[in-house]
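Contents: one structure, followed by commentary.
The values are calculated or read from the model by the stated rules, or taken from the named source; none is laboratory data. Everything numeric here is computed off the predicted structure, so don't read it as measured data. When we count neighbours, we look across all protein chains shown, and the Cβ atoms used for this are built from the backbone with ideal geometry, even at glycine.
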Amino acid sequence: MSTAASLPQQQAIMQGAVRHLIQNYSPKGNKVGWLMMASILVEAWDLYSIAFVLIFIHDQYQPDPFMLGLAAAGTQGGAMIGALIGGWLSDKIGRRVMFLATMIMFIVLALAQAFVPGVTSLIIIRFLLGIPLGSDISTGYTYIMESMAKGDREVMGNRWQFMFAVGEVLTLAVIAIFLIANLNHEIVWRITLGLGALPALIILIMRHDVPETAVWLVQQGRFREAKQVARQMYNDPLDMLPDHDVTLPKARTSAFLADLRTDPVRWRATLYGWIACFAQASEFSTFAFYLPVLFAMVGVASVLGNNLVTMALFSIAAVSGWVGPLLTPKIGHRGIGIAGFAIVLVSLLIAAAALYTGHKYVLPFAAAAMLWGHYWDASNCMTIPTMVAKPEYRGTASGFAYMFVKLPSFLAIFLFPSLFAAIGQANATLFVAIFPLIGLLAAIFILPEVYGYEHD
């Protein structure tokens, strides 16, 4: 089959094979999906363990608020870069290569955190650590969308918040054990940060035999490998493909945004995904990320009690993160987004009222409701843009969407303590309510229902 003479025919065959693969269901695809979700435990451990040990780092080194904010937010800044670069590389060199490389990088850098001599070196390492974390999320979502059938892939993709909550609960449980054992606080924060390398190592070993996605191989014209992977994953030889490779024109990353504008449904769904990513990250990285600090400031509990209250809240969040994806097939992506942002908005208004009036006992209950809603509104903001993207742009689409998670996360974690100090807890909490309001309006007026979406 000559490349130049039969290019339209090759592309038609390729598109048919891709559509066939995406529509297929496979138990092995489900297993791959869970393996992708497991990597979020690693990110959750690293991104949020710092929130629970920040007080110990502050006591030891006495950094100014600027440096302390950078130590907390450094990983988020690196993840923003990693999402963009990782998504682009995932489309260019393959999903599997990026998948393995990011875990190796994370293991090395996570361990390095445990041995830093000061806050400056901690900031640098945490920034570098964010690069593989951001890349891994974009690659993982691409894997899920290319390994599972419609419906199943969306439920699996929406479980990322459940995995975040599990990671946060595990982190809090480990720290609580350290505190009960009365360990030196320096040992607590160093071991806590370095322990992230352990699950990363386990995941790396489990990932080693995961093949490249057949969809990506088809898009590259590597038909022989695609047929081999499809046979291994789905027991499907992809008979519509020839038994030899072909040379196909490469998709230009620069055409990604222009391509989105050609389809109103894909464009509106992606635009909602970006807005929802920004809104949910802003609401969490301000109010929820600093819950331990907020509880301590308003006198809710001791350090250990604070830790246990926060762990209970994230246990509730884990239940929400499990229930939300199960409800998505029944109420759709719009339904889960509208309900989630509405719950967060009301909860933050109640929390602000409690702070204004001095009814501090209301705060944990408002925080529990806020987290329940957050783990719904955040569930599909990565799923939607990755799912509706064309296969040749899927890694780029996922990375671009994740940038809208990491940018506000970096800014909020870095700047919110200053906002707290400048305008007070009650005013700051009321300010945060702007973000779920934006998300709610976007879910109502921008997002078309795309559950079970298929490309033409």
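Please find, within the range 225-250, the residue that is modelled with the highest pLDDT out of those that are outside any helix (DSSP H, G or I) and touching a Gly at 6+ places or on another chain (Cβ under 7 Å). Before you say what the answer is, go through the steps one by one.
First pass over the range 225-250, keeping only residues outside any helix (DSSP H, G or I): 235-250.
Next cut, touching a Gly at 6+ places or on another chain (Cβ under 7 Å) only: 240, 245-248.
Numbers: Met240: 78, Asp245: 73, Val246: 75, Thr247: 70, Leu248: 64.
Across the range 225-250, the extreme among qualifying residues is Met240.
Screening Gly87 on (1) out of contact with any Gly (no Cβ under 6 Å at 6 or more places or on another chain); (2) at pLDDT below 85; (3) under 22 Å from Thr213 (Cβ atoms) shows it passes everything except condition (1).
Identify all residues within the range 369-402 that are more than 18 Å from Ala318 (Cβ to Cβ) and acidic (Asp, Glu); write none if there are none. Glu392 - this is the single residue of the range 369-402 that is more than 18 Å from Ala318 (Cβ to Cβ) and acidic (Asp, Glu).
Within the range 308-362, restricting attention to residues that are of a type in the set (S, T, N, Q) and surrounded by 22 or more Cβ atoms within 10 Å (Cβ to Cβ), which residue is nearest to Asn158 (Cα to Cα)?
Of the residues in the range 308-362, the ones of a type in the set (S, T, N, Q) are 310, 315, 320, 328, 347, 357.
Now narrow it down to the ones that are surrounded by 22 or more Cβ atoms within 10 Å (Cβ to Cβ): 310, 320, 328, 347.
Working: Thr310: 23, Ser320: 11, Thr328: 8, Ser347: 22 Å.
My answer is Thr328.
What's the total number of residues in the range 208-224 that are part of a loop (DSSP other than H, G, I, E, B) and either small (Gly, Ala, Ser) or in contact with a Lys or Arg (Cβ under 6 Å, 6 or more places away or on another chain) (or both)? Explain how you work it out, then say what you get.
First pass over the range 208-224, keeping only residues part of a loop (DSSP other than H, G, I, E, B): 208-213, 220-222.
Filter again for either small (Gly, Ala, Ser) or in contact with a Lys or Arg (Cβ under 6 Å, 6 or more places away or on another chain) (or both), leaving 212-213, 221.
Total meeting the criteria: 3.
For the range 108-155, which positions are touching a Lys or Arg at 6+ places or on another chain (Cβ under 7 Å) and surrounded by fewer than 24 Cβ atoms within 10 Å (Cβ to Cβ)? Passing the criteria: only Ala114. Screening Phe400 on (1) closer than 23 Å to Ile40 by Cα; (2) modelled with pLDDT of 85 or more; (3) touching a helix residue (DSSP H, G or I) at 6+ places or on another chain (Cβ under 6 Å) shows it passes everything except condition (3).
Being in a helix (DSSP H, G or I) and either at pLDDT 90 or above or surrounded by fewer than 21 Cβ atoms within 10 Å (Cβ to Cβ) (or both) is the requirement here; does Ile413 meet it?
Working: in a helix (DSSP H, G or I): yes; either at pLDDT 90 or above or surrounded by fewer than 21 Cβ atoms within 10 Å (Cβ to Cβ) (or both): no.
Judged against the criteria, Ile413 is not a match.
Would you confirm, using the coordinates I've provided, whether Trp216 is touching a helix residue (DSSP H, G or I) at 6+ places or on another chain (Cβ under 9 Å), at pLDDT 75 or above and of a type in the set (Phe, Trp, Tyr)? Can you show your working first?
On the way: touching a helix residue (DSSP H, G or I) at 6+ places or on another chain (Cβ under 9 Å): yes; at pLDDT 75 or above: no; of a type in the set (Phe, Trp, Tyr): yes.
No, not satisfied.
All told, Gln60 falls short of being modelled with pLDDT under 90, under 27 Å from Leu415 (Cα atoms) and among the polar types (S, T, N, Q).
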